[in-house]
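Here the structure is laid out as structure tokens; the discussion comes afterwards.
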Amino acid sequence: MWLPVSIWTLYGPLGGKYIAWFVIVGLSLGVLQQQRAWARCRADPAVRLWLLLLGWLALSMLWSPAPWPRWITHLWMYSLPLGALALAMACPQQAAQRALRHFGWASGGVGLLLLLRGAGWLPDGIGLDDTLNAEGNQRILISVLVGLGAAICLWQLAGSSTGKGRMLWLATAVPAIAGLATQDRRTGMLLLPLLLLAWAIAAPRHWAWKAATVAAVLALAVGLFSSSAGVQARFAEGAAELRQYESNDLAATSWGQRLRMLERSRDMVSESPWVGHGLGSWKVLWDARVPAATPLAANSTPHNEYLLLAVQGGLPAALLFLAWLCLQCWRALRAGHLGMPALMVWLTLALGGLANAVLRDVKFALPLLVLAGVAAALARPAGATFGGPGPDRLQPAPDPTASTMRSGDLRD
């Protein structure tokens, strides 16, 4: 019950995401406690890697110039991935599969609303401002989620074993893709073809299927780009911002500011590459370097998770984060067909980290980590279940070796 409901909150306001997160993680920890699974958790390489990163960041407080409240905020944010790992261990394969269905349906519904709004057919005041009229990073997040949701819908379509199921997922994927093309953020537009190409190459299919899928993805990308004046305008705008960029603190355009933050953050890393400047230090260093009167001064992160970690914890922190992501992607690849959604979500985190602080910014972190935990659970059907008779009753999961589900046969 709780997991499908929580999935729909990912497109809503931040308060709803927090409530869903606490409920999901609380239930996951309860299941792990009931199963006495803490030894298994501690032995998990992903848990050990993240605890090592968290411990190193905590140690860096000793030399951080940031005030102590900022340490607490950063430690809280960087502890959130442990909740996703708990969800991956506690949630059964069947519940994860159901949750991903709901995410696909939610993405198709949001895509349809974006399409209707773009056509001027959606009335004002329908109460979805956090989804349709969001600003800043929330607007980017909606673009990312719709792009990821469209990719998962197409994966569901490819794995469906019935004509009715294929029609359902086709009817869900089309509005998600069309809505993505009508919104004005480039992130999701870039993400969707990259995820589909990764799926096409990594899927355990015949080479002819892979080649045909790659060709279809490239054709889809070219077709959407050439047929959508809005998409063309947004990418032309970004290219113009890069051409006009000057390396100074007066940058006012979106991509210009990102480039300047990359330059400044690179300089910070070069000053202390091995131990970093300490947890929470980026904003302190940034304020000391950037004049308060410039548009850049309002930024609180470098909009790049790898650079943020490298500034605060040195290259060891950034490399631990990268190793953790590589481990998760490797696990998803080993899971075959059922691991493809996990591969898509981990790649979304990895690629999103190049343009946004996807863990430091809770707007990105909460929804993407919920999806990461769910998708990893589908790829790793171990642990226990929330299901059973009655709402949210905890009971042991069925033996995965006795499951009748085949990796290439997702029932709708």
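Could you check how many residues of the stretch 194-225 are assigned to a helix (DSSP H, G or I), loosely packed, with under 15 Cβ neighbours inside 10 Å and not aliphatic (A, V, I, L, M)?
Residues in the stretch 194-225 being assigned to a helix (DSSP H, G or I), loosely packed, with under 15 Cβ neighbours inside 10 Å and not aliphatic (A, V, I, L, M): 4 in total.
Within the stretch 361-376, identify whether any single residue is under 20 Å from Val284 (Cα atoms) and basic (Lys, Arg), and answer yes or no.
No, the stretch 361-376 has no match at all.
Give the residues of the stretch 349-383 that are β-branched (Val, Ile, Thr) and surrounded by fewer than 24 Cβ atoms within 10 Å (Cβ to Cβ), sorted by residue number.
Result: Val362, single match.
Identify all residues within the stretch 126-137 that are in contact with a helix residue (DSSP H, G or I) (Cβ under 7 Å, 6 or more places away or on another chain) and farther than 16 Å from Ser107 by Cβ; write none if there are none.
Correct list: Asn137 only.
Can you say whether Arg185 is basic (Lys, Arg) and either surrounded by fewer than 18 Cβ atoms within 10 Å (Cβ to Cβ) or more than 24 Å from Arg258 (Cα to Cα) (or both), as far as the supplied structure shows?
no
Would you mention how many residues in the stretch 275-284 are surrounded by 21 or more Cβ atoms within 10 Å (Cβ to Cβ) and more than 12 Å from Gly314 (Cα to Cα)?
Residues that pass the stated criteria total 1.
Can you find even one residue in the stretch 285-296 that is at pLDDT 95 or above, surrounded by 22 or more Cβ atoms within 10 Å (Cβ to Cβ) and touching a helix residue (DSSP H, G or I) at 6+ places or on another chain (Cβ under 6 Å)?
The answer is no; no qualifying residue exists.
I'd like to check something: does the stretch 350-359 contain any residue that is closer than 18 Å to Ala86 by Cβ, touching a helix residue (DSSP H, G or I) at 6+ places or on another chain (Cβ under 8 Å) and among the β-branched types (Val, Ile, Thr)?
Checked against the condition, which is being closer than 18 Å to Ala86 by Cβ, touching a helix residue (DSSP H, G or I) at 6+ places or on another chain (Cβ under 8 Å) and among the β-branched types (Val, Ile, Thr), the stretch 350-359 yields no hits at all.
Which residues, counting only those in the stretch 226-249, are under 24 Å from the mean Cα position of the chain (by Cα) and either exposed (fewer than 14 other Cβ atoms within 10 Å of the Cβ) or closer than 30 Å to Arg266 by Cα (or both)?
Arg234, Phe235, Gly238, listed by residue number.
Would you check if there is a residue in the stretch 341-361 being assigned to a loop (DSSP other than H, G, I, E, B) and aromatic (Phe, Trp, Tyr)?
No, the stretch 341-361 contains no residue that is assigned to a loop (DSSP other than H, G, I, E, B) and aromatic (Phe, Trp, Tyr).
May I ask you to list the residues in the stretch 199-242 that are within 20 Å of Ile177 (Cβ to Cβ), of a type in the set (Gly, Ala, Ser) and in contact (Cβ under 8 Å) with a residue 60 or more places away in the chain?
Result: Ala203, Gly230.
Could you check the stretch 1-37 and list, in sequence order, the residues that are surrounded by fewer than 22 Cβ atoms within 10 Å (Cβ to Cβ), aliphatic (A, V, I, L, M) and either touching a residue at least 12 places away in the same chain (Cβ under 8 Å) or not in a helix (DSSP H, G or I) (or both)?
Of everything in the stretch 1-37, those that are surrounded by fewer than 22 Cβ atoms within 10 Å (Cβ to Cβ), aliphatic (A, V, I, L, M) and either touching a residue at least 12 places away in the same chain (Cβ under 8 Å) or not in a helix (DSSP H, G or I) (or both) turn out to be Met1, Val5, Leu14, Val23, Val25, Leu27, Leu29, Leu32, Ala37.
Residues are listed down the side, and each one gets a yes or a no for (1) modelled with pLDDT under 95; (2) within 21 Å of the chain's Cα centre (by Cα); (3) exposed (fewer than 15 other Cβ atoms within 10 Å of the Cβ); (4) closer than 13 Å to Gly373 by Cβ:
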position	(1), (2), (3), (4)
Ala39	yes, no, yes, no
Gly55	no, no, yes, no
Pro67	no, no, yes, no
Trp71	no, no, no, no
Ala84	no, yes, no, yes
Ala88	no, yes, no, yes
Leu100	no, yes, no, yes
Ala106	no, yes, no, no
Gly109	no, yes, no, no
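Would the stretch 258-274 turn up any residue that is more than 24 Å from the chain's Cα centre (by Cα), surrounded by 12 or more Cβ atoms within 10 Å (Cβ to Cβ) and part of a loop (DSSP other than H, G, I, E, B)?
yes
Out of the residues in the stretch 314-327 that are within 15 Å of the chain's Cα centre (by Cα) and over 9 Å from Ala350 (Cβ atoms), state the one that is surrounded by the most Cβ atoms within 10 Å (Cβ to Cβ).
Checked the stretch 314-327; the qualifying residue surrounded by the most Cβ atoms within 10 Å (Cβ to Cβ) is Phe321.
The values are calculated or read from the model by the stated rules, or taken from the named source; none is laboratory data. All values derive from a computational prediction rather than experimental measurement. Reconstructed Cβ throughout: ideal geometry from the backbone, glycine too, with neighbour counts over all protein chains shown.
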